[in-house]
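The values are calculated or read from the model by the stated rules, or taken from the named source; none is laboratory data. Quantities reported herein were computed from a predicted structural model and do not represent experimental measurements. Because the Cβ atoms are built from the backbone with ideal geometry, glycine has one as well, and the counts that use them run over all protein chains shown.
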Amino acid sequence: MREHSIVRVVSKILLPYILLFALYVQLHGDYGPGGGFQAGVIFGAGCILYALVFGVNKARRVAPSSVVSSIMAIGLMLYAGVGVVCLFKGGNFLDYNVLRHDPHHAQELGVALIELGVGMTVAAVMFTIFMTYAERAKK
């Protein structure tokens, strides 16, 4: 792999800010545009940028496929788990009002958990799709 020092240095500088922005979009999704899907796409794009600049092998060492698959599964289970907890508490699937004593707080908790699950799953799926094609292209 040919070294592009300017791209590597700029990526090292920008990558933490990209991931921090993804966290901001994740947490700000309750109050404005954004949320789990958008944050997951930004986080996944940051991981893909790392793989493009520093190489697929180094990206795989930083994020092994078992870890990425686990994040994908945990995000999906978090989403489904909130719905199942709502069912067990006497509500409908994803009826957040039964999660807390106050419906407003229940909605905030439910949406935050759902959006976290979506963000984790989207980021992991994006990175997995990219890595699958990148590893096949190497062969």
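Considering only residues in the range 103-138 that are touching a residue at least 12 places away in the same chain (Cβ under 8 Å) and among the hydroxyl-bearing types (Ser, Thr, Tyr), the one that is surrounded by the fewest Cβ atoms within 10 Å (Cβ to Cβ) turns out to be 128.
Please enumerate the residues belonging to the range 90-102 that are assigned to a loop (DSSP other than H, G, I, E, B) and either without any contact (Cβ under 8 Å) to a residue 12 or more places away in the chain or loosely packed, with under 11 Cβ neighbours inside 10 Å (or both).
Matches in the range 90-102: 90, 91, 92, 93, 95, 100, 101, 102.
Exactly one residue among 19, 49, 27, 23 is part of a helix (DSSP H, G or I), within 16 Å of the chain's Cα centre (by Cα) and over 30 Å from residue 109 (Cα atoms), and that residue is 49.
Only one entry of 45, 112 meets the criterion of being at pLDDT 95 or above and out of contact with any Ser or Thr (no Cβ under 6 Å at 6 or more places or on another chain), and that entry is 45.
Any chance the range 66-76 includes a residue that's surrounded by 14 or more Cβ atoms within 10 Å (Cβ to Cβ), closer than 30 Å to residue 9 by Cβ and not small (Gly, Ala, Ser)? Yes, some residue in the range 66-76 is surrounded by 14 or more Cβ atoms within 10 Å (Cβ to Cβ), closer than 30 Å to residue 9 by Cβ and not small (Gly, Ala, Ser).
Answer yes or no as to whether residue 87 is assigned to a helix (DSSP H, G or I), over 29 Å from residue 20 (Cβ atoms) and over 17 Å from the mean Cα position of the chain (by Cα).
For residue 87, the condition - assigned to a helix (DSSP H, G or I), over 29 Å from residue 20 (Cβ atoms) and over 17 Å from the mean Cα position of the chain (by Cα) - is met.
Taken as a whole, the condition of being in contact with a Leu (Cβ under 9 Å, 6 or more places away or on another chain) and at pLDDT below 95 applies to residue 34.
Residue by residue, here is whether (1) farther than 16 Å from residue 124 by Cβ; (2) without any contact (Cβ under 8 Å) to a residue 40 or more places away in the chain holds:
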residue	(1), (2)
9	yes, yes
37	no, no
40	no, no
54	yes, no
64	no, yes
67	no, yes
